[in-house]
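Report on the following structure.
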Amino acid sequence: MDQGIAGLVGAAVGGLIGVAGTLGAARLTGKDQRRNQHEYWRRQQRRDAYSQLVMQASEALRLGTNAQDAFEARDPSSAALSEQFSEVVHRLGEAESLVALEGPEEASNEAGELITELYTWANSLNFAVATREGQVSLPSEWSVSLSELVDHRDRSHEAVATFTVHCRRLLDS
């Protein structure tokens, strides 16, 4: 084979290898970029779901604290405030569903515990207000003490803090 033809064949083969390598690298880069974009989008969806639940739960904590303070002070507005608190807590289900949908399971479980604590506190406070106002008359062993209400409030605050820290860790990983 003539040296010129061998050089042309070598250049053509080298060019094909170069083109194939470039196309392969571009394909891998595109896959990595799509995967990175999808991971970023998922993290943003999770962040939005987590923050929505935290904001709504924080509003519930504020309302619950106001209602409980009014109850402790025997303020007549305690019934209305307690009802507002209960309504906000019941609306947390939608935000909890978003966390369950976006996951992971650990975040969903923490959200469930948070909602359970807030429901328990809201229901206990409503029951205590109704008992004090004579709307409910049950045996004294079924009554809700002020110390129990304080415990429910504290556990609710802890549940929001725990959920927030847990979600921050999930978003950082």
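Throughout, read-outs are computed from the coordinates displayed, never taken from laboratory work. A quick note: this is a predicted structure, and the numbers were derived from the prediction, not measured. Here the Cβ is made from the backbone with ideal geometry for all residues, glycine too, and neighbour counts use every protein chain on show.
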- Per-pair calculated FRET efficiency, R0 = 30 Å: D69 and S143 via Cβ, rounded to 0.05: 0.95
- Query: If we restrict to alpha carbons, what Rg and Dmax does segment 72-173 come to, in Å?
  - Reply: 16.0, 52
- Task: Please compute the net charge surrounding L146, taking Lys and Arg as +1 and Asp and Glu as -1 over other residues with Cβ under 13 Å from its Cβ.
- Result: -2
- Message: Please compute the modelled spin-label separation between D48 and S77, points set 7 Å along Cα→Cβ, answer in nm with one decimal.
- Response: 3.6
- Query: In segment 90-133, what GluC sites (Glu not before Pro) fall in a loop by DSSP, with at most 11 other Cβ atoms inside 10 Å?
  - Reply: E133
- Query: Pulled fully out, how much extra length does the chain show between I5 and R132, if you take 0.36 nm times their separation in residues and subtract their Cα-Cα distance?
  - Reply: 35.4 nm
- Message: Viscosity 1.002 mPa s, temperature 20 °C: give me the Stokes-Einstein translational D for segment 46-100 in µm²/s, with Rh taken as the Kirkwood radius over C-alpha pairs.
- Response: 183
- Task: Note down the nm distance, to one decimal, between modelled labels 7 Å out along Cα→Cβ at E39 and at L171.
- Result: 1.8
